[in-house]
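Reading through the structure tokens given below for one structure.
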Amino acid sequence: MRILAIRGQNLASLARSFELDLANGPLRHAGLFAITGPVGAGKSTLLDALCLALLDHTPRLSNRGDVPVGDDASERGDWLRSNDPRTLLRRDAAEGWAEVDFTGRDGGRYRARWSVRRARRRVDGRVQDQVLSLVDLDRGHVVAGGRKTE
């Protein structure tokens, strides 16, 4: 597998849309590169976006335990667990997503996408189940998609 691009919006420390294009520009022929920057710049969030889109979980949250987290304004039943990947939705955001383009073992190009939103796309809405999809970019059709339970 070769990662071609990582994209996302409203994840953890990254408030706006972001894109890291590894197939074009100066990183096209780089076999190795470093992700650097100050604390809070979004270095780990780039890696989170990669893992969310491909795997629906991140190593950063794996060792967090299973503690309910939420704010006092919401009902305790609406709180998420500390190791739930939906906790990476940025605070005060109604929706967020992560997307990865990659070349598969068969040589085809694919796009894996992970997205989450709040009910009625309102900042104060309850966090909904994440939606996952895999699209074959060469043939232009959805290979798999839907909610996690599907």
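The values are calculated or read from the model by the stated rules, or taken from the named source; none is laboratory data. What you are looking at is a predicted structure, and each value in this text was computed from that prediction instead of being measured. For neighbour counting, all protein chains shown are included, and Cβ atoms are generated from backbone atoms with ideal geometry for every residue, glycine included. The protein model used for the area step is the full one, side chains on, heavy atoms only, and it has no ligands, DNA or RNA in it. Shrake-Rupley method; radii C 1.70, N 1.55, O 1.52, S 1.80 Å.
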(message) For the stretch 40-58, give me each residue that is assigned to a loop (DSSP other than H, G, I, E, B) and either of a type in the set (Asp, Glu) or open to solvent by less than 60 Å² (accessible area, probe 1.4 Å) (or both).
(response) Gly40, Ala41, Gly42, Asp56, Thr58
(request) Give the residue, chosen from Arg121, Arg86, Arg90, that is of a type in the set (Lys, Arg), open to solvent by less than 50 Å² (accessible area, probe 1.4 Å), within 18 Å of Ser17 (Cα to Cα) and at pLDDT 85 or above. (result) Arg86
(request) Working only within the stretch 1-39, note down all residues that are assigned to a strand (DSSP E or B) and not acidic (Asp, Glu). (result) Arg2, Ile3, Leu4, Ala5, Ile6, Arg7, Gly8, Gln9, Leu11, Leu14, Phe18, Leu20
(message) Restricting to the stretch 124-150, name every residue that is farther than 30 Å from Glu75 by Cβ, open to solvent by 70 Å² or more (accessible area, probe 1.4 Å), in contact (Cβ under 8 Å) with a residue 12 or more places away in the chain and assigned to a strand (DSSP E or B).
(response) Val143
